[in-house]
Amino acid sequence: MRKSWIVALAALAPLYAQNIVIQNATIMTVTKGTLQGSVVIKDGKIAEVGEKVMMPQNATVIDAGGQYVIPGIIDCHSHIAVDGNVNEGSVSVSSMVNIKDVINPEDIAIYRALAGGVTTANILHGSANPIGGQTLVLKMRWGKDAQGMIFEGAMPGIKFALGENPKRSGNPQGGRGATQTAARYPATRMGVEDTIREALNEAKDYKAEWDEYGAKVARGEHPIPPRKDLKLEPLKEVLEGKRYVHAHCYREDEILMLLRVADDYGFKIRTLQHVLEGYKVAEEIAASGTGASTFSDWWAYKIEAYDAIPYNAALMQKKGIVVSLNSDDEELMRHLNTEAAKAMKYGGMNETDALAMVTINPAKQLGIDGRVGSIEAGKDADLAIYDKYPLSDYAKVQKVLIDGQLYFDRDSDVSGRPAKALEKQKLIEKEKQSQPKPAGGRRPVE
């Protein structure tokens, strides 16, 4: 066992040690324009970007002639890599539960996301509760364990939810994806607001206890610390600005309600998720400094979504909101590049602003734009290489690098399929042979 581990580690070592140069590419940096040239990667970071660069010694060269390089795509709303139900719907406030505890690094959706150019995703609790569980930012480091996928240093978050899902419209037993339990308060939008306020009131009192304790310790006293409350700890962090709130919402009235609640308690909503009626109250959202992570053109799939329009993202961005486009779906996640293109079709946006909606904008919303979201010297070498113009339906991802390491290569994937198919067939045959024989020595008819 130990020997195989050492062999595997030795095989990976060159991937970390080598310098890489991607050359002859059209480089869409997002923040520094588009150019023809090269990207130099050293120690997992982008060292240089330009038409002419200094070639490091012993560098591995990726010839991207005729191809395009963009920053790795970032999905601000995903539920992939979660082992089991994404909702703890049995209570109205489930801030004590954490997505970090149920990350499944073997979820094939991670690899498929890579095949779509996605390198980072915000993994959220579901929307069954007015205040749901704690969220986590992951890098799509396929092959790593759960801890190895965590985006180091990213601000933790928590999921809030408004409207039909937390009030369980049409299904008091839990709603889609929720834990099947008896009817539970709240059952109205009024109740959703009340639930959030009551939880924040408790958190405010809890914070006051800890602040008082801290003040006494600072004065040299030796008080007994307050009792730790796992439900209120993350909400205390929200009040202290140490945890982001990502809020599922649809309607303009509930959007304004939540902005007022946040203002009353002295914190900012980091992102309004889905926010399909955001265009109606874009000025108010912009004034609050809140981001919006929306769908490109989903509408009419439930009552709350009937006033959605495909111009929503562009209209909100024109009002000064930082807007991203998310997937909320493991299949759509593989096509976020063309989701961005829809902002050009419907909103008349230029390619840079459209591409920003799946790169630098979600990076800003997650507080990781200092490391990812654009192609700039000093940032993590999280890059996607496309064979054609990335905002085209016909573009296919050829390679994806995270921290300068190759995590997806289309040529290797395609060439390796026959061997994998053969391996699968051998396993199937082995499983058949291992099945117990029925009485009389005959196998069951299949």
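The values are calculated or read from the model by the stated rules, or taken from the named source; none is laboratory data. As the structure is a computational prediction, the values presented were derived from the model and not from experiment. No Cβ is skipped: glycine too gets one built from the backbone with ideal geometry, and neighbour counts run over all protein chains shown.
Structure notes:
- Set side by side, the residues ALA341, ALA354, ALA314 differ, and just one is among the aliphatic types (A, V, I, L, M), in contact with a helix residue (DSSP H, G or I) (Cβ under 8 Å, 6 or more places away or on another chain), touching a residue at least 40 places away in the same chain (Cβ under 8 Å) and closer than 29 Å to ILE27 by Cβ, which is ALA341.
- Criterion violated by GLU331 - all others in (1) modelled with pLDDT of 95 or more; (2) surrounded by fewer than 18 Cβ atoms within 10 Å (Cβ to Cβ); (3) closer than 12 Å to TYR250 by Cβ; (4) not hydroxyl-bearing (Ser, Thr, Tyr) satisfied: (3)
- Qualifying residue in segment 314-328 (condition: under 22 Å from TYR389 (Cα atoms) and touching a Lys or Arg at 6+ places or on another chain (Cβ under 6 Å)): no
- Any hit, segment 343-353, residues being within 30 Å of VAL86 (Cβ to Cβ) and touching a strand residue (DSSP E or B) at 6+ places or on another chain (Cβ under 6 Å): no
- Restricting attention to segment 34-54, the residues that are surrounded by fewer than 14 Cβ atoms within 10 Å (Cβ to Cβ) and without any contact (Cβ under 8 Å) to a residue 60 or more places away in the chain add up to 4.
- Conditions (1) charged (D, E, K, R); (2) under 30 Å from ALA286 (Cα atoms); (3) without any contact (Cβ under 8 Å) to a residue 60 or more places away in the chain; number of the one not met by ASP380: (3)
- Of the strands (runs of 3 or more DSSP E) lying entirely inside segment 38-87, the ones with 1 or more residues being in the same structural domain as MET28 (by TED's automatic domain parsing) and of a type in the set (Gly, Ala, Ser) are found at 45-50.
- First in segment 292-305 and assigned by TED's automatic domain parsing to the domain that holds ILE269 and without any contact (Cβ under 8 Å) to a residue 60 or more places away in the chain, second anywhere and buried (at least 20 other Cβ atoms within 10 Å of the Cβ) and small (Gly, Ala, Ser), Cβ under 6 Å, 6 or more apart: ALA292/GLY278; THR294/ALA313; TRP299/ALA308
- Selection of segment 240-260 for residues being buried (at least 17 other Cβ atoms within 10 Å of the Cβ) and in a helix (DSSP H, G or I) yields GLU252, GLU254, ILE255, MET257, LEU258, LEU259.
- Restricting attention to segment 341-397 and to residues that are acidic (Asp, Glu) and more than 19 Å from ALA314 (Cβ to Cβ), the residue that is surrounded by the most Cβ atoms within 10 Å (Cβ to Cβ) turns out to be ASP382.
- Inside segment 95-134, residues that are part of a helix (DSSP H, G or I), more than 27 Å from ILE385 (Cα to Cα) and either of a type in the set (S, T, N, Q) or touching a residue at least 40 places away in the same chain (Cβ under 8 Å) (or both) make up a count of 1.
- Test: LYS52 is modelled with pLDDT under 95, among the basic types (Lys, Arg) and over 11 Å from GLU376 (Cα atoms): yes
- Residue check, LYS231 in contact with a strand residue (DSSP E or B) (Cβ under 9 Å, 6 or more places away or on another chain), part of a loop (DSSP other than H, G, I, E, B), of a type in the set (Lys, Arg) and closer than 28 Å to TYR306 by Cα: no
- Being over 28 Å from TYR185 (Cα atoms), surrounded by 24 or more Cβ atoms within 10 Å (Cβ to Cβ) and in contact with a helix residue (DSSP H, G or I) (Cβ under 8 Å, 6 or more places away or on another chain) holds for only one residue in GLY133, GLY117, GLY72, and it is GLY117.
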